[in-house]
1. Filter the range 54-68 for residues that are touching a residue at least 12 places away in the same chain (Cβ under 8 Å) and part of a helix (DSSP H, G or I) and give the result.
2. What number of residues in the range 4-34 are of a type in the set (Gly, Ala, Ser) and part of a helix (DSSP H, G or I)?
3. Among the candidates 332, 285, 341, single out the residue that is within 24 Å of the chain's Cα centre (by Cα), of a type in the set (Phe, Trp, Tyr), at pLDDT 70 or above and crowded, with 16+ Cβ neighbours inside 10 Å.
4. Residue 40 versus (1) part of a helix (DSSP H, G or I); (2) more than 24 Å from residue 284 (Cα to Cα); (3) among the small types (Gly, Ala, Ser): which is the lone unmet condition?
5. For the condition modelled with pLDDT under 95, assigned by TED's automatic domain parsing to the domain that holds residue 155, among the small types (Gly, Ala, Ser) and surrounded by 15 or more Cβ atoms within 10 Å (Cβ to Cβ), what is the one hit in 82, 62?
6. Considering every residue within the range 73-95, establish whether at least one is more than 16 Å from the chain's Cα centre (by Cα), at positive phi and of a type outside the set (Lys, Arg).
7. Suppose the filter is surrounded by 15 or more Cβ atoms within 10 Å (Cβ to Cβ) and more than 18 Å from residue 168 (Cβ to Cβ); does residue 57 pass it?
8. Could you tell me whether residue 161 is β-branched (Val, Ile, Thr), closer than 30 Å to residue 312 by Cβ, touching a residue at least 24 places away in the same chain (Cβ under 8 Å) and assigned to a strand (DSSP E or B)?
Amino acid sequence: MMKRGIDREKLEQIFKEIPKFNYVLNSKIASIFGTEIEVAKDSNTSEEHTFEFKQFLFSKNGNGKTNFSELKKVLREKEIFGKAYLFFDPGEEGSKPCLYYLGNDAVNVFIPKKPDAIINEVSYYTVGEPDVPDEINWSKHPKGYIRDDNGYIISKENMLIFDSDSYVLNSDLMQLQNLLQINRKVNESTTYRDYGNVFVFPKGKISGALSATGHRIKDEVNKAVQKMRNKVASLIKKNNTKDSNVIMLDEQYEKIEQVKPLTVIKDYEFYWKKQDDIISSVVNFPTILLNLGEASGNISKEALIKDARANFLYPLKNDTANVLSMLCDKLFNEEGYYIRFADFEDTKV
């Protein structure tokens, strides 16, 4: 959609019109943090480093945003566009390290060209349009990035990459489009009371020659008739849609007919009832973990929750933890530490 010229702001506006879209997406991200974050080494939890990491998550960056807030932004970006970035800034001497969210379209990736290359190794990333030297000796830039008036050059060690192949814009967008259009139709009909078109039919046909004086009389009559028409039309159009058509064919009429829309709202009911399943499939997260949809049949809800967690939630949590684990070496100055999420307690339904 962005390739077709639809910008990010327009996409965000469209998402707000789709029923439950933001709720489902935000719930999916929140579910990742449904259990405690732990810092571990050799399968043992480090209470000290766990506390330190949580302090880091809730400290603020230079924009006044918490690192946790930036993390949730990058996860949302990844779920919609398939890839997003977190820039790690170690900070100046005496200041705290922090994270900055970067959208997929804000980052340029530089990969050296190699003939018949199987592995494309990233050299660095840029944000904006900085002046890039022919060679970069990162040992001379211990902070891991170079800043000039036009942007940033960021080393690959300072960039956390979140990606997925099951993101919204790579899903069944036709269903999402249909749901969007139906929602707009429902909103139009419930908000503006769509009556369709009203036609007013005349009794007969008026014709005949008129003198110059007659023309002046006719003009005055027409003005009076027009005022009457406007008044009648305004009464008919009251509480109606702005683009409804009220057609007054003549001041002398014998009948009024209403032409209703060919497809009424109740005809969309079958699709409207499936909106939970549609949004769930587009976001790639089961309805039962979103408190949506219906759980029926002979399978217990407890079994459904366990199955959904195993197939959707645990991989999502593990992917997030693996990327965040890259921060451990930078924060603790010791190898071997990694991030993990505590397990769920037994579900009682």
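The values are calculated or read from the model by the stated rules, or taken from the named source; none is laboratory data. The structure displayed is predicted, hence computed values, not measured ones. So basically every Cβ, Gly included, is an ideal-geometry build from the backbone, and we count neighbours across all protein chains shown.
1. Residues satisfying the conditions are 54, 56, 57, 67.
2. Initial filter on the range 4-34 (of a type in the set (Gly, Ala, Ser)): 5, 27, 30-31, 34.
Subsequent filtering for residues that are part of a helix (DSSP H, G or I) retains 27, 30-31.
The qualifying residues number 3.
3. Working: 332 fails: within 24 Å of the chain's Cα centre (by Cα); 341 fails: within 24 Å of the chain's Cα centre (by Cα).
Answer to the selection: 285.
4. Failing condition for residue 40: (1).
5. Values: 62 fails: surrounded by 15 or more Cβ atoms within 10 Å (Cβ to Cβ).
Exactly one of 82, 62 is modelled with pLDDT under 95, assigned by TED's automatic domain parsing to the domain that holds residue 155, among the small types (Gly, Ala, Ser) and surrounded by 15 or more Cβ atoms within 10 Å (Cβ to Cβ), namely 82.
6. Start the filter on the range 73-95 by keeping residues that are more than 16 Å from the chain's Cα centre (by Cα), which leaves 85-95.
The next check asks that each one be at positive phi; those that pass are 91, 94.
Remaining after also requiring of a type outside the set (Lys, Arg): 91, 94.
Yes: one or more hits.
7. On the way: surrounded by 15 or more Cβ atoms within 10 Å (Cβ to Cβ): yes; more than 18 Å from residue 168 (Cβ to Cβ): yes.
Yes: the conditions hold for residue 57.
8. Numbers: β-branched (Val, Ile, Thr): yes; closer than 30 Å to residue 312 by Cβ: yes; touching a residue at least 24 places away in the same chain (Cβ under 8 Å): yes; assigned to a strand (DSSP E or B): yes.
The answer is yes for residue 161.
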